[in-house]
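> Mind looking over this structure? Questions follow.
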Amino acid sequence: MNSSEPIRLKIIGGRDKNGRTHNLPTANEVAALIIGDIDGTSDGRDIIVETCCKTLQRISELHPSYLTLQYPLLFPYAEDGYRTDIYHKGVEIEDASGHAKLTIREFFAYRLQFRENETSLLLILRTLLQQFLVDAYTMVENTRLNYLRNNQKKLRCEQVSSLYDALESGEYNVSVMGTRIILPSSYTGGPRYMKQNYLDAMAIVGAYGYPTIFITFTCNPKWPEILRYLEPLGLKPEDMPDISSRVFKIKLDCLINQIRDGTLFGNLIGELYVIEFQKRGLPHVHICLFLEKMYRVPNVNDIDDLICAEIPNKDEEPELYQLVSDFMMHGPCGPEHPKMPCMKLKKCSKHFPKDLTAETHFYPEGFPLYRRRDDGNFIRKSGTRLDNRHVVGYNKTLLKQYQAHINVKWCNQLRSIKYLFKYINKGPDRIFVGCRYISSCEDAWQLFEYEIIHRTPAVYRLSFHLPDQQPIRFDAESILELVLSKPSVRASQFIEWMTRNRNDPAARHDSCPDRVWNETCDLLSDDLKHECPEQLRSSARSRNFEEDTAQHCSR
């Protein structure tokens, strides 16, 4: 192929994929497309440089000269980029221990700061900053994956009973046994990570019931806090995605604290939120709120006070009218606008326009039908007249305070629970034959090490298993007899927890719900069944089992 021939990549969306993860980008931004995923199977980048002697040489992305060669405008004096031997300020090298060296994430987070009496060329270079963020985050992820690959490439996992069976059959080579550990659930964004967080969310539901409120909150690039910072520099919000991420994090923390004080929706007993980016150039969050029982089943008037799905009167509430017009109107869509992102099979996938109704209605399953009266109020968008049928539900107080898209739903119903938790734990965005899509806004969020998934209360994972079915980890070069001779082989978190309940009367108090007791009591010996008091079997179901377990295991 002629190297001077222009090549253009066009991303064409298909309807045979999940529209929530394979939707097309709507923001003009620099992003990375990674074939498959960041899953630990890649061998890293193939970086080749030409030396002064006209020979080709491969270098690592951690080479001190890589950033200088890749971004000559940012390093005009050919200074070193990141090195693995940089120590934190004030650390004596001869006495260095623990986390004494600067990590690559800390290096990039340090570079993304404005400082007095210092000009940062990086932060005012618009699209080059976006490219730098994408490059930096992929370097950080590759470093983490290399650590996992180099430190547990020999680890394997198998059940104790399987190892004993292998020993009895004369098998001594453990390198051919067990499942090799490739990517743990602690790796943020991985498939095991998302699955574990989904199960943790369901554990909270098991302890506290269904969530009551579901909120979607999206960053507004025209917030005065953002514009006040960018306008003196002549920049737009998309030119500095790190600023949008910082301000949104501050607003999100403020929103969560406001909800926790109980004056808005009632007393909060649990919360769960997940940050997403969805190829729109802006972060947004999905929040599930768990309220106390007395606030879960309100009457129709209470719903109308908390959630509004109508256009306010322009003369009586001009500020709220403008906010609803800017952030809370869906469309226009429908047969007249077939190219709208929500259109699928010539219908709106969000089920707009909604039906007009004089009052709010509850249904046995699913979300309620909010009040949408035919009051004559309308908003004109793109030449189309939109009435109350096109309003996205909102809370007046939150909309006025945060001035952004902030959708509020009442969701204390049976069928809504699977939709909510599957939606907020659906995983990273993808596009174009399964590529992982990494935007510059997501890169900034990750480099600052902000939370992607948050939940309260904490969920403690207790692994249940049958006798001799507990998993153990071992090195592929270990001797089988030595593996089975370790005292820890016969112990597990679950076994030690049940043993503590047998030997410590204080540990038995209110520590095991009826459901857990009935499922596990058959595995215990007869003497242990008789030793456990009746109060253990009839403990309160409303208590958080995982939290109680964590307390007893720490004694």
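> For a quick check of your reading: which helices (runs of 4 or more DSSP H) sit entirely within the stretch 194-309 and have at least 2 residues that are touching a Lys or Arg at 6+ places or on another chain (Cβ under 9 Å) and over 30 Å from residue 461 (Cβ atoms)?
224-230, 300-306
> If you go through the stretch 350-380 one residue at a time, how many are modelled with pLDDT of 90 or more and not in a strand (DSSP E or B)?
Matching residues across the stretch 350-380 total 16.
> Now for a separate question. Of everything in the stretch 252-287, what is among the small types (Gly, Ala, Ser) and in contact (Cβ under 8 Å) with a residue 12 or more places away in the chain? Give them in sequence order.
Once the filter is applied, which keeps residues that are among the small types (Gly, Ala, Ser) and in contact (Cβ under 8 Å) with a residue 12 or more places away in the chain, the stretch 252-287 yields 266, 270, 281.
> Let me ask something else about it. Quick test of your reading of the structure: residue 190 fulfils all but one of (1) modelled with pLDDT of 85 or more; (2) within 30 Å of residue 67 (Cβ to Cβ). Name the failing condition by number.
Result: residue 190 passes all but (1).
> Continuing with the same structure: I'd like the residue in the stretch 338-360 that is free of Cβ contacts under 8 Å to residues at least 24 places away in the same chain and not hydrophobic (A, V, I, L, M, F, W, C) and, out of all such residues, is surrounded by the fewest Cβ atoms within 10 Å (Cβ to Cβ).
339
> Follow-up. Residue check: is residue 393 touching a residue at least 40 places away in the same chain (Cβ under 8 Å), out of contact with any Cys (no Cβ under 6 Å at 6 or more places or on another chain), crowded, with 17+ Cβ neighbours inside 10 Å and within 23 Å of residue 263 (Cα to Cα)?
On the way: touching a residue at least 40 places away in the same chain (Cβ under 8 Å): yes; out of contact with any Cys (no Cβ under 6 Å at 6 or more places or on another chain): yes; crowded, with 17+ Cβ neighbours inside 10 Å: yes; within 23 Å of residue 263 (Cα to Cα): yes.
Judged against the criteria, residue 393 is a match.
> Please go through the stretch 310-338 and give me each residue that is part of a helix (DSSP H, G or I) and not acidic (Asp, Glu), ordered by number.
Once the filter is applied, which keeps residues that are part of a helix (DSSP H, G or I) and not acidic (Asp, Glu), the stretch 310-338 yields 318, 320, 321, 322, 323, 324, 325, 327.
> Is it fair to say residue 324 is outside the structural domain of residue 120 (by TED's automatic domain parsing), of a type in the set (Val, Ile, Thr) and at pLDDT below 95?
no
> Among the helices (runs of 4 or more DSSP H) lying completely within the stretch 387-469, list those that include at least 2 residues that are modelled with pLDDT of 90 or more and touching a His at 6+ places or on another chain (Cβ under 9 Å).
Passing ranges: none, list empty.
> Then there's this: From the list 227, 235, pick out the single residue that is under 26 Å from residue 136 (Cα atoms) and without any contact (Cβ under 8 Å) to a residue 40 or more places away in the chain. Spell out the reasoning first.
Details: 235 fails: without any contact (Cβ under 8 Å) to a residue 40 or more places away in the chain.
Going through 227, 235 in turn, the sole match is 227.
The values are calculated or read from the model by the stated rules, or taken from the named source; none is laboratory data. Owing to the predicted nature of the structure, the values given are computational and were not obtained by experimental measurement. All Cβ positions, even for glycine, are placed from backbone atoms using ideal geometry, and neighbour counts span all protein chains on display.
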